Amino acid sequence: ADHTRIFLQNQDGGKLPFPDGHFSGVVMDNVIEHISSQDVEGVLRELLRVLAPGGVLLIGVPGARGYAADKDHKCFYSESALVELLAKFGCVRRRTMHAPFYFPGLGRWLRQYCLYVLFQGPGPAPAAGGGLGCAGSSCH
């Protein structure tokens with residue numbers, strides 16, 4: 001039997017309504033750039049609280065043109081900036097992906113370009129099972 005559970009949670013900040021270590025994976029797709037630099041570490045701390053030790057966190061951000069197209073964007077993140085930020089919490093980059101594909105400079109020209117970085121959270125990898133938590137929206 002497949003025991004995979006998926007939760008979609010829209011959150012304006014504060015404490016997530018889940019216990020510590022509840023999810024084996026969390027997706028934050030095109031969300032982090034909408035959070036002020038003063039608040040981002042608190043939001044990440046809360047996401048990592050509900051992530052099981054060693055669980056995975058997938059963060060998606062827009063390229064430069066997509067970032068510039070939305071007046072609500074507060075902070076631009078390059079791949080190196082995301083890796084540096086998550087390293088503060090003991091997260092390690094496991095994989096980098098590009099949508100629709102990687103080509104140098106594509107993010108400056110294509111509004112729908114997105115960068116995705118998959119991180120492993122601190123601690124040993126979780127046992128098979130837990131649900132996948134999702135926050136945010138698809139690439140715009």
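Going through (1) within 22 Å of Leu106 (Cβ to Cβ); (2) open to solvent by less than 40 Å² (accessible area, probe 1.4 Å) one by one, Ser80 falls short only on (2). Looking at Val83, Val26, just one residue is among the β-branched types (Val, Ile, Thr) and in a helix (DSSP H, G or I), and that residue is Val83.
Across region 86-96, the number of residues qualifying as in a strand (DSSP E or B) and either at pLDDT below 75 or open to solvent by 60 Å² or more (accessible area, probe 1.4 Å) (or both) comes to 4.
Against the list (1) closer than 27 Å to Phe18 by Cα; (2) basic (Lys, Arg); (3) modelled with pLDDT under 90, the condition Arg45 fails is (3). State which residue is farthest from Ala81 (Cα to Cα) when the search covers only region 30-58 and only residues that are open to solvent by 30 Å² or more (accessible area, probe 1.4 Å) and assigned to a strand (DSSP E or B). Only one residue tops the list, namely Pro53. Note on region 100-140: residues that are over 14 Å from Gly25 (Cβ atoms) and modelled with pLDDT of 90 or more amount to 3.
Would you pick out the residues in region 59-72 that are closer than 21 Å to His22 by Cβ and open to solvent by 40 Å² or more (accessible area, probe 1.4 Å)? Listed by number, the list is empty, since nothing qualifies.
The values are calculated or read from the model by the stated rules, or taken from the named source; none is laboratory data. As the structure is a prediction and not an experimental result, all values here were calculated from the model. Ideal geometry is used to build each Cβ from the backbone, glycine not excepted, and the neighbour counts take in all protein chains shown. For accessibility, only protein heavy atoms count, side chains too; no ligands or nucleic acids. Shrake-Rupley method; radii C 1.70, N 1.55, O 1.52, S 1.80 Å.
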